Amino acid sequence: MDAAPLSMSEVLRVASVASPWCVSVYSDDDTWLRGNHRNEAAQVQIRLAAHAMNRAGAPAHVVAAVRAQMEQAASPSRPEAVSFDHRIRSVGIFATPESCDVFALATLPAPRVHVSNRFVIGPLLDAALALGPRICVLAASENAARLVDVTSYPARLIEVPDLPQDLASTVNLDLTHDRQTLAHRRISEEPKERLRVYAKALLRAVHEPVRHAKAMLAIVAAEPLASLLHAEADPQFAALAPVPGNPDRLSLEDLANLVTPRADAHRERARRLQISRLESTDPGLVLADVAQIHAALRNGAVDTLFVDPDPQRAVDDDRPESADRADELIREALATDATIVPLRAGDPRSSRRVAAILRYRVAE
């Protein structure tokens, strides 16, 4: 079977669904995405969902409709139609009587089958945040250049109409036969200057596609082109250190595997930097009580929500049954455009598993 690409817009769409019977399933990728025959583990999860709906009093025709949607999603696709990407570690399945969405996830949430009037979105949001910002790779040499979106599963080539084909066609040597000016002589005779002109042309061409994708640029190139590209690029535009090496023989998957660890490390540093704000922010602007955070979210007063997205753990130690409140908080944060930062084991304040920084002080 095939899985849809995951984006924040898809998270928002799933989070907005309100239906009497919403089935959420988180499972390993082998159960739903691999192989060319029906997987028994997927069938077990479908039966668990049907059993949970029956226990909750769902009408027989509704159970049958949801089960049919999930059976269709679990049906094997042709092996050649399913793109394998080992970065995919799990799937999220979201079924109603009318539809069933399946998303490939790079995270590994705890397995779960849940029936409610809303989908469980915490792990889905966590997976989407783990992909942000998107990463586009400029793989360049003197002989070729490509722009690749390595956040997609599988990685995909981005068409860039004005992308230079190679060094020779970009820096035309001595076209005018005018060798009197120093500038022309420097460009046409100095190899490093020719490479600098080439690097600038590459960056000009990819700037708009990368900006439009709201992505960061990663550079894979041999020296000295790698250093020239990094030096000429806007530091906010190309925040990742260049990966040295000739990329000409690397597949799209190779490029994704090469860059993903650096991208993940960059994202984790950004997440920890956000968490450090909890310690440096005025205590009068920090909340740790779930009820107070919920009220502040409803009033649009929360700037940043810090929450453990794992629905298996309660967000309130005094209310072990409050695991679903994490999803409530996340929905409120999405609705008010608050920044959401996922908490992990070992993070400051992670024992409470929820905190918030306010946009302004709230009257007690």
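Only the coordinates and a few stated rules stand behind these numbers; no lab work does. Computed from a prediction, not measured in an experiment: that's the story for all the values here. Ideal geometry is used to build each Cβ from the backbone, glycine not excepted, and the neighbour counts take in all protein chains shown.
With just the Cα atoms defining each centre, how far is the range 139-156 from the range 215-247? Give it in Å. Distance between centres, Cα-based: 13 Å.
Summarising the label geometry, the points placed 7 Å from Cα in the beta-carbon direction at A18 and S116 lie 1.4 nm from one another.
Name the residue from S19, G57, L125 whose Cα lies farthest towards the positive end of the charge dipole of the range 8-129, charges +1 on Cβ of Lys and Arg and -1 on Cβ of Asp and Glu. The one lying farthest along the dipole's positive direction is G57.
Between rounded, prolate and oblate, where does the range 8-129 land on the alpha carbon gyration tensor, with a ≥ b ≥ c its root eigenvalues, rounded for a/c under 1.5, else prolate if a/b exceeds b/c?
It comes out oblate by the Cα gyration axes.
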